[in-house]
Each structure stands twice: as structure tokens, then as C-alpha cells.
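Remarks on the structure that follows.
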Amino acid sequence: MRGAIAALLVLTASGGATAATMSRASHFVMHRASRGADMRVAPTDRVDDAVIDRAVLATRPLPVIKAYYPEKFRQIAAVVDSAARERQSEAEIAGSIQSMSDSVMAEMSPYYDTANTIEYMVVSRDMLRSLAAEMPDACVPFMRSDGRMSPATREKLASIAARQPAWQLDVMEASLRQAATAPAKPAVGEVNPIVVQAIRDIALQGVPDALRKYLHPIDASRAVSPQESEAACRYTTGIISATLQLPPEQAVATFKRLSRPAHGLLSVSERLVPEADGSAAMTVAASYP
């Protein structure tokens, strides 16, 4: 693994590195460069320690994922190791870690308490707004849960994530801790149809007229056009924003009932596609067939 990877993960992917962390990362890069050796695969039970160095572990929220979700952490470690062997760029690897961390966040979202669910919704909305403004054609790949992104998309994602405020990382870590140690009960039942209609109407206001015709069920087995991706991104952002206008308890219950964590953030739009019969679903497979 190239030494610069660690520095980029700490300084770029975390987006909130302290001066102390930056100093440690710089020391790490110099130390690894002086050794001039790539990291080798360790036994399976030690892959996390071998593949992701202590300096990289400063990348938030990796320490929390390692502490409370060790299997997820091992998966991230394996991806980092494979990416380094393939000579992927530092930004690509940072983007992959960001994407996988986001997937862990989505997977645990049914178990967040009221406060953390609201915070998670705000973080998701803000990230989608940034994507819609800077890389709308890549919104659907970001919202998928399978992590399928082009190298350019991963690099751009790392760049956008680095500019998000540090408090978002605090939210991620606090939510993951809470879901692991004191999980809330997932919401059950159906969403009030009147509420569904109101959310749909508000969400549509954020989708330009020229893009509304691209709002339809998405087939994960084919490529998504830039227009479809942007439409889905803006619509999903609008749904989260509209849901946040509800009283907190109702907003949380509604968001959880609309979400399908295995399908990523895009799932909150699945039953709200603006079709005449209201039965269409915007779905994204958890993995490519």
C-alpha cells in the first residue's frame, strides 16, 4: 500500500482532522516511505490490523466501526487492501471508504433513536444537496448500497465529503454507537396516505420541470442516464426535506417506514414516485445481477 494513502484518508476523507492527526499522518507517510515496502496480506483474523494502519484508523468513523461493527470493518479493510494492490489512487480509496461507511450508516438507520435519526436525515439531505450541485450524474451510484462507483465518482465523492462540516462526523459516530449499544425499535406499519401525498407534493417542487419526466422506476441492471440520476437525487432530497418538516417523532417513524436500508438512500423514494396510479416503485437492487 502506498504511504500517501494513509495521509489522504486522514486529511481528506475525514474532513475534520485535527492538527494532531495531521501531524501523525505526516509522520506515518514519512515512516512508510522510508521502508519502501507494500503491506502484505495477514492471516484472516488480523486483516484489520494489518491492512489499515493506526494512522488510517484516525479516519472517522473507522474507529467506531472497528469497535462496534468488527465484521463491517474487516470488509472495509479488505477493500482497502485490494484497492492498494490494484494501484488505485488515494482519492479513489478514500471515496470507497466514504461509500462503505455511508452504507454502514444506512444499514443501521432502523435502530437509531429519534434524535439520531433526525440528525442522520439532515446529514443525508445535506450530502445529497452537495451531490446534486456538483455531480448530479453520479447521485444514483452514491445512493446505491452496493458501492458500485467509477474511479472518477469515488474521487469526487472523497472531495465533497472532505468539505462537509465536522459535526456530521460526530453525528455518524454517535449514531453508530447508540445503534450498537442501545438500539431503538424499527418502525412498523404503513405511512398515512395523506402524509405520503403531502411529502410527494413538496418533494416535486424541488425537481425542475425538465427533469420530472425522468422520475420512474430505476432498473439496476442498466446504466442510468445523467438526467435520471439528477432527477432521483433531487426528488430524494426533497422527500427527506419534506419529512423533516413533520413533528420529530412522526418524521422519524415516517422516514423509517419509507426506508429500505438494503437498498440505500434511494429507497426513501420507492413508494413516492409521482405516477398517476401511485403504485410505481423507484427501486435499486442491493447488488448488480
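The values are calculated or read from the model by the stated rules, or taken from the named source; none is laboratory data. Every value quoted in this text rests on a predicted model; they were computed, and no experiment measured them. Here Cβ is always computed from backbone atoms with ideal geometry, including for glycine, and neighbour counts include all displayed protein chains.
Scan Ser130, Ser159 and give me the residue that is among the hydroxyl-bearing types (Ser, Thr, Tyr), in a helix (DSSP H, G or I), modelled with pLDDT of 90 or more and under 16 Å from the mean Cα position of the chain (by Cα).
On the way: Ser159 fails: modelled with pLDDT of 90 or more.
None of the other options fit; the residue is Ser130.
State which residue pairs qualify: first residue assigned by TED's automatic domain parsing to the domain that holds Ala158 and under 14 Å from Met172 (Cα atoms) and inside segment 59-73, second residue among the basic types (Lys, Arg) and surrounded by fewer than 22 Cβ atoms within 10 Å (Cβ to Cβ) in any location, beta carbons under 7 Å apart, and separation of 6 or more residues or different chains.
Matching pairs, first to second residue: Val64/Arg177; Ile65/Lys72; Tyr68/Arg177.
Can you find a residue that is buried (at least 22 other Cβ atoms within 10 Å of the Cβ), at positive phi and in the same structural domain as Pro193 (by TED's automatic domain parsing) anywhere in segment 258-266?
Yes.
Condition check ((1) in contact with a Lys or Arg (Cβ under 9 Å, 6 or more places away or on another chain); (2) at pLDDT 90 or above) across all residues:
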position: Gln227; (1), (2): yes, yes
position: Glu230; (1), (2): no, yes
position: Ala253; (1), (2): no, yes
position: Pro261; (1), (2): no, no
position: Arg271; (1), (2): no, no
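Considering segment 101-117 alone, what residues qualify as being part of a helix (DSSP H, G or I) and either surrounded by fewer than 19 Cβ atoms within 10 Å (Cβ to Cβ) or not hydrophobic (A, V, I, L, M, F, W, C) (or both)? Working first, answer last.
Keep residues of segment 101-117 that are part of a helix (DSSP H, G or I), which gives 101-111, 114-117.
Ser101, Asp102, Ser103, Glu107, Ser109, Pro110, Tyr111, Thr114, Ala115, Asn116, Thr117, listed by residue number.
I need the full set of residues from segment 82-96 which are under 11 Å from Ala158 (Cα atoms) and either polar (S, T, N, Q) or in contact with a Gly (Cβ under 6 Å, 6 or more places away or on another chain) (or both), in order please. Steps first, please.
Initially, segment 82-96 is screened for residues under 11 Å from Ala158 (Cα atoms), giving 90-96.
Of everything in segment 82-96, just one residue is under 11 Å from Ala158 (Cα atoms) and either polar (S, T, N, Q) or in contact with a Gly (Cβ under 6 Å, 6 or more places away or on another chain) (or both), namely Ser96.
Within 29 Å of Ala184 (Cβ to Cβ) and either aliphatic (A, V, I, L, M) or outside the structural domain of Asp102 (by TED's automatic domain parsing) (or both), is that true of Ser269? Steps first, please.
Numbers: within 29 Å of Ala184 (Cβ to Cβ): yes; either aliphatic (A, V, I, L, M) or outside the structural domain of Asp102 (by TED's automatic domain parsing) (or both): yes.
Here the answer is yes, as Ser269 does meet what is asked.
Starting from segment 197-210, keep only residues that are under 14 Å from Ala132 (Cβ atoms), then list their pairs with residues that are surrounded by 15 or more Cβ atoms within 10 Å (Cβ to Cβ) and charged (D, E, K, R) whose Cβ atoms are within a distance under 7 Å, requiring at least 6 positions of separation or different chains.
Correct list of pairs: Gly206/Arg234; Val207/Arg234.
Only one residue in Asp45, Asp81 is at pLDDT below 65 and more than 18 Å from Met172 (Cβ to Cβ). Which one? Step through it out loud before you land on a result.
On the way: Asp81 fails: at pLDDT below 65.
Exactly one residue qualifies, and that residue is Asp45.
Within segment 136-177, track down each residue that is farther than 23 Å from Ala251 by Cα, of a type in the set (A, V, I, L, M, F, W, C) and surrounded by 21 or more Cβ atoms within 10 Å (Cβ to Cβ).
Residues satisfying the conditions are Ala138, Cys139, Val140, Phe142, Leu157, Ala158, Ala161.
Taking segment 133-156 only, how many residues are among the charged types (D, E, K, R) and outside any helix (DSSP H, G or I)?
Taking segment 133-156 and keeping what is among the charged types (D, E, K, R), we get 134, 137, 144, 146, 148, 154-156.
Still in the list and also outside any helix (DSSP H, G or I): 144, 146, 148.
Residues in segment 133-156 being among the charged types (D, E, K, R) and outside any helix (DSSP H, G or I): 3 in total.
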